[in-house]
Amino acid sequence: MDNGIRIQGLTKSFPSPRKHEAAHRVLNGLDLTIEDNEFVCVLGPSGCGKSTLLNTLSGLDRDYDGEIRFGGRPMTRAGKPPVRMGYLFQDPRLLPWLSAERNVDFALENSDVPRHRWADIKDHYFQLTGLQAFRRHHPHELSGGMAQRLSLVRALAIEPDVLFMDEPFSGLDELTARRLRVDLLDIWRRTGKTIVFITHNSYEATFLADRVVVLSQGRIRREIPVTVPRPRDYDDPALFAVSKEVSATFIAAAEEAERARSRP
Amino acid sequence: MLIKVGSMIAALLAWLGLSFLFPETVLPGPWQTIRVLAENFANGDILSHLTATLGRVLGGLVLAMAVGIPVGVLMGVNRLAEKTLDVWVMVALTVPSLCYAIFAFIWIGLNETAAIVAIGLTSAPSIAINLWEGVKNIDTRLFQMARVFNASRWVIIRRVLFPQVLPYIMASLRFGLGIVWKITVLVELLGRPDGVGFELFYWYQLGNMQQVLAWTLLFTLVMLFIELVILQNLERRMFSWRPEVRI
Ligand SMILES: Nc1ncnc2c1ncn2[C@@H]1O[C@H](COP(=O)(O)OP(=O)(O)OP(=O)(O)O)[C@@H](O)[C@H]1O
Ligand SMILES: [Mg+2]
């Protein structure tokens, strides 16, 4: 099945809390096509609408203009989204009264992964994220980074075709983050998912992505393909060169956004 | 625990000390009170009064929760319900409990139903307010999480909303009990021929302070037992997942 994403003219506004003020337009006619099995990283200054973009793509927020299709199947105003999706939120969003393992079960129970495979899947991802010894711990007994890894386990356990990740590694130490990036690429290569990954870190984006998309003022400002062959080496100068370009675009976008904000 | 025992002993000593300053008809000492209480037990009708009162406390509490919880939750999750109901909850809270008791006994009659209705309706507004505040604090981001993972509306209510509301329900149970038992005594003296409230009023009219204190002591001990031993343990067991708060 084709799990590419086609976004056309996506426009999203939030009503202003004050009565006579114009609505705040966050996404402004955004066009983006993501291929089936592609790994796309989205960069953009804080508040430019990255999380908003994922909320509309995931079907959490269906109040927008424009069109979103998954392999030709449109996202409708109500009902189940047309693909199986996993979402790693910017915050862990775990159920605090359930143990780590039961949190993952919660996602599995509402998915169509057959029950006899749950044990293997959980073993696999708990092992991978180094949480094996913490399966019976409750979220408040985990560190911030561990909680974030747990929500990664939860997102992966349901074997989604499309995976949305909102700055998933930003709260982790660099060593753990590096390990998890490699693992993520490995999972992606073996299971063939379409991944939309949001980050502030241009080197992370370059290392992971087939294509880096820089978002600014509700639109795509620039798309930068990363052609460095895989598997990639963290210290590859070719990656570094692309990352510098990404960085420069990102900074230009941020400055532009700032200028637009200070304009009356 | 040691502090609690210590403060209780201190209170007993203070009571003992004060009882020497006043005549027995005004403030009998602890030993006399306990002796009277023991005599009452020996005479036998103490249990029937106590169970009558506890039955009303229970009935009133169930009614108060049955009315207060749905109203409070509805006000917490629905803005229209909040705007319509908040003034009425305030009105219901402001009406003195004595008025509820009088209305109930006049409209329904001098019977058990009227007593329980009076108790339940008096306490319901406080419980509603408690839950209303609580439900406003729940984490709506968890509902988004559940929706992304394809949870149905029913699953979300049962597994994401309910566990978040439960601590507030438990808190309002304890808090409601505190209100209900005070009102029960009042309602009993007004319109029931038995129960702790009736006995208190009876001995008050006879000017027998020993009996008044004996009944007060009995009732307080029973309620403290329910509150501290039963409810706190239940709560501790239910919310063992929570981090312990130490200040
Ligand atoms: N529910 C909402 N109601 C009103 N405004 C909102 C809402 N959600 C987001 N916004 C606004 O939309 C804009 C984009 O928010 P969004 O969370 O998408 O930013 P972001 O790019 O993810 O930022 P960050 O990198 O800091 O996470 C912000 O200006 C924010 O104030
Ligand atoms: Mg964000």
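When A:Arg102 is tested against the conditions (1) at pLDDT below 95; (2) surrounded by 14 or more Cβ atoms within 10 Å (Cβ to Cβ); (3) more than 19 Å from the chain's Cα centre (by Cα), the lone failure is (1).
Residue check: B:Met90 meets all listed conditions (1) touching a helix residue (DSSP H, G or I) at 6+ places or on another chain (Cβ under 6 Å); (2) free of Cβ contacts under 8 Å to residues at least 40 places away in the same chain but one, namely (1). Taking residues in the range B:73-85 that are under 12 Å from B:Val165 (Cα atoms), and partners anywhere that are open to solvent by 30 Å² or more (accessible area, probe 1.4 Å), the pairs with Cβ atoms closer than 6 Å and at least 6 places apart or on different chains are B:Gly76/B:Lys136.
In the range A:167-201, of all residues being within 14 Å of ligand 1 (Cβ to nearest atom) and open to solvent by 20 Å² or more (accessible area, probe 1.4 Å), the one that is farthest from A:Ala23 (Cα to Cα) corresponds to A:Gly171. Highlighted here would be helices (runs of 4 or more DSSP H) found entirely within the range B:169-247 that include at least 3 residues which are among the charged types (D, E, K, R) and within 18 Å of B:Ser97 (Cα to Cα), but there are none.
Yes or no, residue by residue, for (1) aliphatic (A, V, I, L, M); (2) more than 14 Å from every other protein chain (Cβ to nearest Cβ):
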residue: A:Arg25; (1), (2): no, yes
residue: A:Leu32; (1), (2): yes, yes
residue: A:Asp36; (1), (2): no, yes
residue: A:Phe39; (1), (2): no, yes
residue: A:Cys48; (1), (2): no, yes
residue: A:Ser51; (1), (2): no, no
residue: A:Leu54; (1), (2): yes, no
residue: A:Leu60; (1), (2): yes, no
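Taking (1) part of a strand (DSSP E or B); (2) under 19 Å from A:Gln132 (Cα atoms) in turn, A:Gly66 satisfies each apart from (2). Residue count for the range A:23-54 satisfying the condition of being open to solvent by 10 Å² or more (accessible area, probe 1.4 Å), within 16 Å of A:Gly9 (Cα to Cα) and within 16 Å of ligand 2 (Cβ to nearest atom): 3. Every test in (1) without any contact (Cβ under 8 Å) to a residue 24 or more places away in the chain; (2) part of a loop (DSSP other than H, G, I, E, B) is passed by A:Leu172 save one, and that test is (1).
The set of residues from the range B:144-166 being free of Cβ contacts under 8 Å to residues at least 12 places away in the same chain, more than 8 Å from chain A (Cβ to nearest Cβ) and hydrophobic (A, V, I, L, M, F, W, C) comprises B:Trp154, B:Ile157, B:Phe162.
The values are calculated or read from the model by the stated rules, or taken from the named source; none is laboratory data. Keep in mind it's a predicted model, so treat the numbers as computed, not measured. Glycine gets a Cβ as well: all are built from the backbone with ideal geometry, and neighbour counts include every protein chain shown. The accessibility values were calculated without ligands, DNA or RNA, using every heavy atom of the protein model including side chains. Shrake-Rupley method; radii C 1.70, N 1.55, O 1.52, S 1.80 Å.
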